[in-house]
Amino acid sequence: GAVLGATVTALGDAGADRGLGVAPCVVPRADQWFTGVRAGANARAQLVLLNADAEAADVNLTAYGPGGRLAGLGGRGILVRGRTASTVDLGPILASDAPLVVRVETSAGRVGAVVRQTLFSGPDAVGADRLAAVGAPATSAIVAGVPSGGGPRDLVVGNPGDRTAEVRIGVLGGSGTFAPAGADRVSVPPQSTRTVSLTGGLRGGGGAVRVTSDQPVTASVEARSGTSVAQTDWASSGASPVVDGQVWWPLATASATRATVTLANPGATATSARVLVRAPDGGVLLDRAASVAAGASVEVAVPAADHPVVTVTSSGQVHAAVVLSGKAGTADGLAWLGVPARPAAEAGVRVAADPRVGA
């Protein structure tokens, strides 16, 4: 069938949406995970739920933080009527100054979901982003496209299980895999989260972060740009699946916004991927077959253009992401897109008639 894709970009020079934010269009699902959600005194998080079906959806939220599972009032039985959208302020439900893992489940129907996230320094916004759903908890995960350059880089790991997860951390850089100094391991207690600073271990470099664990976990990486509050922007991206075939990113950006494709290969043998960039009229701006060494990553610069369409094709070993940067007023705008999480095998909750009922 046809390969489709879409992205939404927000660029603000002031207010709560200051900075550069981007997210893929969402796929309705009955179960999805968000890692790195902040809803405390210095952050605002809004969960946007879209029900494209005719029937109503019943949504339940479960959250995990550094102290364990959160018992937030108001996070159960959220009704989203058919063919409507609903916005839920997560602050009163899941107040926490530390990053959270939030699970969005439906007991009836299905929804598309995205988190609108804004961070503050006092009254001033210091970065906004749109958080897309990440892959379900797994024992191995890749966060591709970690931006290079100055500013903090933090890994958020969530363990929703009942046993402590022993997590190993590696960075897939241009010259191969290395363990970030002082941040190569972390223990995550049951039903909780941990945040690990990667700033010193990355030493200004980028690439991809790999986590492996003896228990299923979720993972995301946060990045901040700029050297002052006036220049800071914030971005986050979670672990995402391999490019098994083809993925599209139609970028709703102007030529002043720079874009870079990161290709990461966690495998034991070298592989390759094709990066194709087209203009909106179909003209080819770049067509490159990039070789990616085992355990390494490669960056491919996207030619400057208004609204380019980026396509990555791979046989199923490469993880990919697009990193965006550009000025948003005085802020050094930063955002990135991973491969959207695949739809769940079950599109929604199925209801079957039992002839014995009422007999």
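Given the conditions (1) within 18 Å of the chain's Cα centre (by Cα); (2) open to solvent by 60 Å² or more (accessible area, probe 1.4 Å), report the number of the one that Ala208 does not fulfil.
Ala208 satisfies all of (1) within 18 Å of the chain's Cα centre (by Cα); (2) open to solvent by 60 Å² or more (accessible area, probe 1.4 Å) except (2).
Quick one: in the stretch 172-205, which of the residues that are under 18 Å from the mean Cα position of the chain (by Cα) and among the polar types (S, T, N, Q) is farthest from Ala144 (Cα to Cα)?
It comes out as Thr193.
In the stretch 192-205, which residue that is of a type outside the set (Gly, Ala, Ser) and surrounded by fewer than 21 Cβ atoms within 10 Å (Cβ to Cβ) is modelled with the lowest pLDDT?
Here is the first cut: in the stretch 192-205, the ones of a type outside the set (Gly, Ala, Ser) are 193-196, 198-199, 202-203.
Checking the rest, the ones that are also surrounded by fewer than 21 Cβ atoms within 10 Å (Cβ to Cβ) come to 194-195, 199, 203.
Values: Arg194: 98, Thr195: 97, Thr199: 95, Arg203: 88.
Applying the filter and picking the extreme gives Arg203.
State all residues of the stretch 273-293 that are in contact (Cβ under 8 Å) with a residue 24 or more places away in the chain, closer than 17 Å to Gly207 by Cβ and open to solvent by 40 Å² or more (accessible area, probe 1.4 Å); if no residue qualifies, say none. Steps first, please.
Applying the first criterion (in contact (Cβ under 8 Å) with a residue 24 or more places away in the chain) to the stretch 273-293 yields 273-280, 290, 292-293.
Now narrow it down to the ones that are closer than 17 Å to Gly207 by Cβ: 273, 275, 290, 292-293.
Of everything in the stretch 273-293, just one residue is in contact (Cβ under 8 Å) with a residue 24 or more places away in the chain, closer than 17 Å to Gly207 by Cβ and open to solvent by 40 Å² or more (accessible area, probe 1.4 Å), namely Ala293.
Can Val292 be described as at pLDDT 95 or above, under 30 Å from Gly170 (Cβ atoms) and out of contact with any helix residue (DSSP H, G or I) (no Cβ under 8 Å at 6 or more places or on another chain)? Please lay out each step first, then the result.
Numbers: at pLDDT 95 or above: yes; under 30 Å from Gly170 (Cβ atoms): yes; out of contact with any helix residue (DSSP H, G or I) (no Cβ under 8 Å at 6 or more places or on another chain): yes.
Criteria met by Val292.
Any idea how many residues of the stretch 57-96 are of a type in the set (A, V, I, L, M, F, W, C) and open to solvent by less than 50 Å² (accessible area, probe 1.4 Å)?
First pass over the stretch 57-96, keeping only residues of a type in the set (A, V, I, L, M, F, W, C): 57, 59, 61, 63, 70-71, 73, 78-80, 85, 88, 90, 93-95.
The next check asks that each one be open to solvent by less than 50 Å² (accessible area, probe 1.4 Å); those that pass are 57, 59, 61, 63, 70, 78, 80, 88, 90, 93-94.
Here the count works out to 11.
Hey, Thr106 hits all of (1) out of contact with any Pro (no Cβ under 6 Å at 6 or more places or on another chain); (2) free of Cβ contacts under 8 Å to residues at least 60 places away in the same chain; (3) of a type in the set (Ser, Thr, Tyr) but one; which does it fall short on?
All conditions are met except number (2).
Do the conditions hold for Leu100, that is, is it closer than 30 Å to Gly295 by Cα, buried (at least 24 other Cβ atoms within 10 Å of the Cβ) and of a type in the set (A, V, I, L, M)? If you could, list the steps in order and put the result at the bottom.
On the way: closer than 30 Å to Gly295 by Cα: yes; buried (at least 24 other Cβ atoms within 10 Å of the Cβ): yes; of a type in the set (A, V, I, L, M): yes.
So Leu100 fits the description; yes.
For the stretch 103-123, name all the residues that are at negative phi, open to solvent by 10 Å² or more (accessible area, probe 1.4 Å) and of a type in the set (Gly, Ala, Ser). Reasoning before the result, please.
First, pick out the residues of the stretch 103-123 that are at negative phi: 103-108, 110-121, 123.
Narrowing further to those that are open to solvent by 10 Å² or more (accessible area, probe 1.4 Å): 103, 105-108, 110, 114, 116, 120-121, 123.
Passing the criteria: Ser107, Ala108, Ser121.
For the stretch 316-335, indicate whether the set of residues that are assigned to a strand (DSSP E or B), more than 27 Å from Thr232 (Cα to Cα) and touching a residue at least 60 places away in the same chain (Cβ under 8 Å) is non-empty.
From the stretch 316-335, those assigned to a strand (DSSP E or B) are 319-328, 331-335; that's our starting set.
In the following step, the residues that additionally are more than 27 Å from Thr232 (Cα to Cα) were identified as 319.
Of the ones still in play, those that are also touching a residue at least 60 places away in the same chain (Cβ under 8 Å) are 319.
Yes, there is a match, as at least one residue in the stretch 316-335 is assigned to a strand (DSSP E or B), more than 27 Å from Thr232 (Cα to Cα) and touching a residue at least 60 places away in the same chain (Cβ under 8 Å).
Which count do you get for residues in the stretch 222-260 that are within 23 Å of Gln117 (Cα to Cα), open to solvent by less than 20 Å² (accessible area, probe 1.4 Å) and not in a loop (DSSP other than H, G, I, E, B)?
Residues that pass the stated criteria total 9.
Yes/no per residue for (1) surrounded by fewer than 21 Cβ atoms within 10 Å (Cβ to Cβ); (2) in a strand (DSSP E or B); (3) of a type in the set (Gly, Ala, Ser):
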| position | (1), (2), (3) |
| --- | --- |
| Ala125 | no, yes, yes |
| Ala128 | no, yes, yes |
| Ala136 | yes, no, yes |
| Ser140 | yes, yes, yes |
| Val143 | no, yes, no |
| Gly149 | yes, no, yes |
| Asp162 | yes, no, no |
| Val167 | no, yes, no |
| Leu172 | no, yes, no |
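Out of Gly67, Gly72, Gly40, Gly77, I need the residue that is closer than 22 Å to Val156 by Cα and modelled with pLDDT of 90 or more. Which one? Break it down into steps so the answer makes sense when it comes.
Numbers: Gly72 fails: modelled with pLDDT of 90 or more; Gly40 fails: modelled with pLDDT of 90 or more; Gly77 fails: closer than 22 Å to Val156 by Cα.
Exactly one residue qualifies, and that residue is Gly67.
Looking at the stretch 12-51 only, could you name the residues that are in contact with a Gly (Cβ under 7 Å, 6 or more places away or on another chain) and open to solvent by 50 Å² or more (accessible area, probe 1.4 Å)?
Asp13, Ala14, Val26, Val27, Arg44, Leu50
What are the pairs with Cβ atoms under 8 angstrom where one residue, in the stretch 175-190, is at pLDDT 95 or above and the other, located anywhere, is part of a loop (DSSP other than H, G, I, E, B) and open to solvent by 70 Å² or more (accessible area, probe 1.4 Å)? Sequence gap at least six, or different chains.
Pro190/Asp162; Pro190/Arg163
When only residues in the stretch 83-105 that are of a type in the set (S, T, N, Q) and outside any loop (DSSP other than H, G, I, E, B) count, which is farthest from Leu119 (Cα to Cα)? It would help to see each step written out before you state the result.
Taking the stretch 83-105 first, the residues of a type in the set (S, T, N, Q) are 84, 86-87, 96.
With the extra rule that they be outside any loop (DSSP other than H, G, I, E, B), the set shrinks to 84, 86-87.
Values: Thr84: 28, Ser86: 22, Thr87: 18 Å.
Taking the candidates together, the pick is Thr84.
Please find, within the stretch 174-188, the residue that is farthest from Ala223 (Cα to Cα) out of those that are assigned to a loop (DSSP other than H, G, I, E, B) and open to solvent by 50 Å² or more (accessible area, probe 1.4 Å). So that I can check it myself, show each step before the final result.
Of the residues in the stretch 174-188, the ones assigned to a loop (DSSP other than H, G, I, E, B) are 174-175, 179-184.
Okay, now just the ones that are also open to solvent by 50 Å² or more (accessible area, probe 1.4 Å), so 174-175, 179, 181-182, 184.
Details: Gly174: 19, Ser175: 22, Ala179: 19, Ala181: 18, Gly182: 18, Asp184: 18 Å.
The extreme case among them is Ser175.
Would you mind finding the one in Val309, Val323, Val298, Val318 that is over 24 Å from Phe178 (Cβ atoms) and either within 22 Å of the chain's Cα centre (by Cα) or surrounded by fewer than 17 Cβ atoms within 10 Å (Cβ to Cβ) (or both)? Give the steps one after another, and end with the answer.
On the way: Val323 fails: over 24 Å from Phe178 (Cβ atoms); Val298 fails: over 24 Å from Phe178 (Cβ atoms); Val318 fails: over 24 Å from Phe178 (Cβ atoms).
Of the residues listed, the single one that is over 24 Å from Phe178 (Cβ atoms) and either within 22 Å of the chain's Cα centre (by Cα) or surrounded by fewer than 17 Cβ atoms within 10 Å (Cβ to Cβ) (or both) is Val309.
The values are calculated or read from the model by the stated rules, or taken from the named source; none is laboratory data. Since we're looking at a predicted model, the values are computed, not measured. Neighbour counts run over all protein chains shown; Cβ positions are idealised from the backbone, glycine included. Note: accessible area is taken over every heavy atom of the protein model, side chains too, but ligands, DNA and RNA are not part of it. Shrake-Rupley method; radii C 1.70, N 1.55, O 1.52, S 1.80 Å.
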